[in-house]
Structures are given as C-alpha cells and as structure tokens.
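Notes to accompany the following structure.
The values are calculated or read from the model by the stated rules, or taken from the named source; none is laboratory data. All values reported here derive from a predicted model rather than from experimental measurement. Every residue, glycine as well, gets a Cβ built from its backbone with ideal geometry; the counts of neighbours run over all protein chains shown.
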Amino acid sequence: MNISISINGETVTRDVEPRTLLVHFIRDTEGLTGTHWGCDTSNCGACVVLMDGRPLKSCTALAAMCEGHEIRTVESLEVDGVLDPIQQGFHEKHALQCGFCTPGMLMTTRALLDENPNPTEEEIRMAISGSICRCTGYKNIVAAVRWAAENAEVTS
Amino acid sequence: MQTPAPFEYERATSLEGAIAALRAHEDSRVIAGGHSLLPMMKLRLASPSRLIDINDLTDLQYIRDEGDEIAIGALTRHVELLESELLRAHYPIFHDAELVIADPVVRNRGTIGGSLCQADAAEDLSAVCAAVKATVVIAGADGTRTVPMSEFHLGPWTTAVGEGEILTEVRLRKREGAGSAHEKVERRAGDWAIAAAGAAVWMDGQTLGDVGIALSAVGLTTIDLTRAEDLLRGQVPSEALFEQAGAIASEDCTPIPDGRGPVDYKRHLAGVLTKRALRKATARALA
C-alpha cells in the first residue's frame, strides 16, 4: 500500500506492506537512520520519535497508522549547524557513552521540555522511565535535561 | 527482527463502518493504541487477517460528566485518564493506576478500550474497572448492550465482546461516600505487575455500604475478590477487618511461579496490597 507520512516537515511516500513498522519506514528513508531500532518490544525507548509533538515508540506503531500525522525525528533537532539546547546539554554533561539510547532520550526529553520548560529531577526521571540507558546511568542524562532547561535560549 | 505476519489494513471512518468491516472479514481485529496487539502480533501470538484502525474515531475519545454517571470513551488514552480532574475527584484509583501503567511514552498511545479488551490478567485497568463496578457498552450491528465488569472477563484474553462487536464506552456510577485506591508492585517502570490490587469502598455513614476489590497478575484472569467484599459489606472499617480481607486475597488468588517471583511471595503480596488499597480507599472516603 502507498503510504505518505510527514517526517520533519517533508512528505515521504513509499509503497510498503501494511505490516511495516514506523521505525523501519523512517530508517529506510534516505538520511534518516538517526532513529534507533532497539528492543522491538516498546521497552527500551531507543526508537522514540514525536508524533504530533508527543513521544511515540516507533517500533510499536504501524507506518500506516501514522499517515496524516506529523512525525519528528532526532535529525530535526539541529538546524543549520546549530544544536538544539537538549543536544548541547547532552554534550555539556556527558550524557552518553555508546549513544544507542540517545536519539530516543533526546526526543523524549525535548517533548518534556516543550510541555514543561522547567522540570524537576523527579519529573525528568518520570519522563524517561520508559527509556533504558545501559552505559551512563541516568544521572548525567538528568543533568543534561536540567542544563537544557536552564539554557533554553543558548545556542552553540 | 520481530515482524507481524502479513495482514490487510484499513482505517475506519465511522463506528458503523468499523463494525461492518469486522463482520465482513473473518479474523479481523480492531487496533487502537496497538501497544498490546502489535507486540503479540510480532510474537505471532496473534495473527489477524485484517486490522481495522479506529484511531480516527475521535468521538470515542472523551471523559464526560453525565450527572449521575461518568462516561469514558473507549479511545481515551492512558495519559488522559491520568490527567482527568473529574476522574480524580470521584475515583482517584484511576490516577493511582495510571501513574504505574507502562511508562509515559506508552501512556500517550494506549487506550482504556484496548486495555480492557486485551484482558491480560496482569493488566491494571481491568482490576480498576472491576473494583469500581463499572459497566461497559458494547456496540454491534444490532445496536448496543451494557455489560457489568463482573460479567466481562470470560477467561484469559477473552471478554464478553463478541464477533463483529466493539467496546465503545466505560461507565462509572457516581455514588455517595466513595473512596478508591490502586496498589501495585512491579520490578521496574513499565513492567507488568508482580501483583496489584484495586479497591473501592462506598461508605454508608460509619459502615462500609459497598466494597469492590480486584487483583491483577495473580491468576488466569483479573480476580474479583467477592468473598472479601461479602466479609466487609455492612461492617465498620478496621485494621483487623482489612487484615482478614488480605488473608482472603492471599487464599483466593491463583498465581503461577515465574521470573517475577514464586507463588508464596505473590500470595503474600496480594494480601498486603489488598490491605493497603482498602486502607487508602477508606481513608479517602472518610476524608
């Protein structure tokens, strides 16, 4: 079936099987392999993208279900070489080692900051409770989100 | 890589259309949030021939005050149940449960109708709706029918929703003196419960006029603790009484040993959580 999805403001149209998952539809699009395909069971959060501004685990949505919705992936954060404050925060606070969970962490926490620009540590930990990091622990990730909240206007 | 078996897909534009599609295609299934169905399809535990996507049927997405009752549309997402002031005022058990159902990202998608129809014994909302003695509205080609939660679960993953039917609404009666609470123990955020207990009480002066208690994850289906409800009804609430109700919960549940714990631990948890849920529900009713 032909499916058209708006990804980062551009309409992507492809003929795919109905069983195609959103994560694969995105990753099979040129230049959009930033979204990671992790546990495939909606447990790990590596595949989180935004659908209409709200985080969604893209391994647990059919591409067909997303037609007519706005998808944003990690590639949309940096604009013209300028990092989003949440990306800068992860850089400043060393919030990643291997980087596998990072795209999902970035999109989940970007959505948190969009809804709640000044989250407490508890609110941050709740927001990322569906995202698993096996390298750093969560301390630096929480610090990165706080950094982004405190430097919302700062550009790199 | 986990991939569902091939299926046909269509998007419903009306409830009538969705029911007609269900009737027209054998082995077809409704998909809403998809956060239970898609994982089951990936594991090939479910292989429907056709998915009927009802996410566009936004007239099924509401939490409405209807005077003596509260009506919840089947397509209402977990996050909306969590944030509803109306529900929290009358049945805070929903807020308790939604804080510990899956994780915030999954709660953006999963729906109350999907949770109830999935009828997984470890799922929280089934116990919540059973404890508050909700009724559900089921629509089919010949109109709608109403089924109390006590008659909703027919067995593991099996409900009163028949072929060619869709659950459209959950209804809660507003009753005087209500208090309710949900208690759950899980290994980590997003996991199924090791055990969970939902309790609702409706005080009649200083006595328990009516009581609803249901357990998750400690049997083949959600367990209605009718023996404990009978014990409590008409009594003045006390710690000793809640202790007895907890003992009944430990006896009447039927857990299996698995990675989440052995049977004696789960029975113990069912008892403790029942006691805590009753204690909190009663305190809320009397507050």
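Looking at the stretch A:82-97, is at least one residue part of a loop (DSSP other than H, G, I, E, B), farther than 26 Å from A:GLY31 by Cα and either in contact with a strand residue (DSSP E or B) (Cβ under 9 Å, 6 or more places away or on another chain) or aliphatic (A, V, I, L, M) (or both)? Within the stretch A:82-97, none of the residues are part of a loop (DSSP other than H, G, I, E, B), farther than 26 Å from A:GLY31 by Cα and either in contact with a strand residue (DSSP E or B) (Cβ under 9 Å, 6 or more places away or on another chain) or aliphatic (A, V, I, L, M) (or both).
Each residue in the stretch B:83-99 was checked for being in contact (Cβ under 8 Å) with a residue 12 or more places away in the chain and surrounded by fewer than 18 Cβ atoms within 10 Å (Cβ to Cβ), and 2 pass. Across the stretch B:152-171, the qualifying residues are those that are of a type in the set (D, E, K, R) and assigned to a strand (DSSP E or B), and the one among them that is farthest from B:ARG29 (Cα to Cα) is B:ARG171. Just to verify a result, which residue in the stretch A:68-109, among those that are within 13 Å of A:GLY34 (Cα to Cα) and over 12 Å from the mean Cα position of the chain (by Cα), is farthest from the other protein chains (Cβ to nearest Cβ)? Checked the stretch A:68-109; the qualifying residue farthest from the other protein chains (Cβ to nearest Cβ) is A:GLU78.
Condition first: in contact with a strand residue (DSSP E or B) (Cβ under 9 Å, 6 or more places away or on another chain), more than 17 Å from B:VAL106 (Cβ to Cβ) and surrounded by 13 or more Cβ atoms within 10 Å (Cβ to Cβ). Now tell me which residues in the stretch A:103-155 satisfy that. Hits for the stretch A:103-155 are A:PRO103, A:LEU106, A:ARG110. Of the candidates B:ARG145, B:ARG107, B:ARG77, the single residue that is in contact with a Leu (Cβ under 7 Å, 6 or more places away or on another chain) and basic (Lys, Arg) is B:ARG107. Scanning the stretch B:41-82 for residues that are under 18 Å from B:ALA119 (Cβ atoms), within 11 Å of another protein chain (Cβ to nearest Cβ) and either free of Cβ contacts under 8 Å to residues at least 40 places away in the same chain or part of a helix (DSSP H, G or I) (or both) turns up just one, B:MET41. Whether any residue in the stretch B:192-204 is at positive phi, not hydrophobic (A, V, I, L, M, F, W, C) and not assigned by TED's automatic domain parsing to the domain that holds B:VAL105 is what I want to check. No, the stretch B:192-204 contains no residue that is at positive phi, not hydrophobic (A, V, I, L, M, F, W, C) and not assigned by TED's automatic domain parsing to the domain that holds B:VAL105.
Only one of the listed residues (B:HIS182, B:HIS268) is more than 14 Å from every other protein chain (Cβ to nearest Cβ) and under 16 Å from the mean Cα position of the chain (by Cα). That residue is B:HIS182.
The number of residues in the stretch A:10-41 that are without any contact (Cβ under 8 Å) to a residue 40 or more places away in the chain, at the interface with another protein chain (Cβ under 10 Å from one of its Cβ atoms) and among the polar types (S, T, N, Q) comes to 1. Condition check for A:LYS57 on (1) touching a residue at least 40 places away in the same chain (Cβ under 8 Å); (2) out of contact with any helix residue (DSSP H, G or I) (no Cβ under 6 Å at 6 or more places or on another chain); (3) surrounded by 23 or more Cβ atoms within 10 Å (Cβ to Cβ); (4) not small (Gly, Ala, Ser): one failure, at (2). Kindly establish whether B:VAL106 is away from chain A (no Cβ under 14 Å) and either surrounded by fewer than 17 Cβ atoms within 10 Å (Cβ to Cβ) or out of contact with any Pro (no Cβ under 7 Å at 6 or more places or on another chain) (or both). No: the conditions fail for B:VAL106. Collect the residues in the stretch B:183-198 that are in a strand (DSSP E or B) and in contact with a Gly (Cβ under 7 Å, 6 or more places away or on another chain), keeping them in residue-number order. Once the filter is applied, which keeps residues that are in a strand (DSSP E or B) and in contact with a Gly (Cβ under 7 Å, 6 or more places away or on another chain), the stretch B:183-198 yields only B:ILE194. In the stretch B:216-246, the qualifying residues are those that are part of a loop (DSSP other than H, G, I, E, B), out of contact with any Asp or Glu (no Cβ under 7 Å at 6 or more places or on another chain) and touching a residue at least 40 places away in the same chain (Cβ under 8 Å), and the one that is surrounded by the fewest Cβ atoms within 10 Å (Cβ to Cβ) is B:LEU220. Does the stretch B:27-35 contain any residue that is under 25 Å from A:THR20 (Cα atoms), basic (Lys, Arg), more than 11 Å from chain A (Cβ to nearest Cβ) and under 23 Å from the mean Cα position of the chain (by Cα)? Yes: one or more hits. For residues in the stretch A:26-67 being on the phi > 0 side of the Ramachandran plot and either at pLDDT below 95 or of a type in the set (A, V, I, L, M) (or both), which is nearest to the chain's Cα centre (by Cα)? Per the stated criteria, the residue is A:SER42. Selection of the stretch A:42-61 for residues being closer than 18 Å to A:ARG14 by Cβ and at the interface with chain B (Cβ under 7 Å from one of its Cβ atoms) yields only A:ALA61. When each of A:GLU30, A:GLU10, A:GLU17 is tested for being of a type in the set (Asp, Glu) and within 19 Å of B:GLU8 (Cα to Cα), the lone residue that passes is A:GLU17.
Has the stretch A:66-85 got at least one residue that is crowded, with 19+ Cβ neighbours inside 10 Å, out of contact with any Gly (no Cβ under 7 Å at 6 or more places or on another chain) and closer than 26 Å to B:MET40 by Cβ? Yes, the stretch A:66-85 has at least one match.
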